[in-house]
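Shown next, in structure tokens, is the structure this report addresses.
The values are calculated or read from the model by the stated rules, or taken from the named source; none is laboratory data. These numbers come from a predicted model, not from an experiment. Ideal geometry is used to build each Cβ from the backbone, glycine not excepted, and the neighbour counts take in all protein chains shown.
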Amino acid sequence: MKTISVLVFGLLALSSSPAAFAQRVVLDDSLSPRQNFSLDLKWGPQDVQQALGALFTDQNSLLPPVSGYLSGVEVRLDTSKFVGQRARIFLLVPAGIAGDTTGGTLEVAWQARGVFESGSARPGQAVLIFEGLLEEPITSGTFDFAITASSAGVTDSFSFELTYELEVIN
């Protein structure tokens, strides 16, 4: 009985917290100069020998991961409705990625220049890339992305779109 009352008290305390009501909104990134990118996922030079051996022996589980890079991706987020407010911005890698059957091995990593932070995420994860006062109607920065996935788990129809979400800090 004691455990139940502690849980109820904890839930009541959480529900009265301002953070409990914080909601994220998806930011418009259509002002970014380029919207679509072609990504060539391939083995690194050091992995080609291992990949050939695995392919010739029909042992797909021994295939090394493939990777691809996108450099200088400028992202411009419309934050005009939030100028003068403190906020957090998250980069979200979608959970359902077309052409990804890797079973959770796909990873998107990035180096950021400008106001955003570097980081990495797997499908379904949102990572904090900015926290602070929004002073401009457009919040922008540049990313260098590295995508790594299991060789056996990526098809020719591989595609996804990153989402940026904002949460106002009270």
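Tabulated values for the structure
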| read-out | value |
| --- | --- |
| Filter result (under 20 Å from Q85 (Cα atoms) and either free of Cβ contacts under 8 Å to residues at least 40 places away in the same chain or over 11 Å from the mean Cα position of the chain (by Cα) (or both)) within the stretch 128-154 | F130, E131, G132, L133, L134, E135, E136, P137, I138, T139, S140, G141 |
| Unmet criterion (only one of (1) surrounded by fewer than 17 Cβ atoms within 10 Å (Cβ to Cβ); (2) assigned to a strand (DSSP E or B); (3) at pLDDT 95 or above) for G84 | (2) |
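Each row is one residue, and each column tells you yes or no for (1) at pLDDT below 65; (2) not hydroxyl-bearing (S, T, Y).
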position: S32; (1), (2): no, no
position: D47; (1), (2): yes, yes
position: V73; (1), (2): no, yes
position: E107; (1), (2): no, yes
position: V115; (1), (2): no, yes
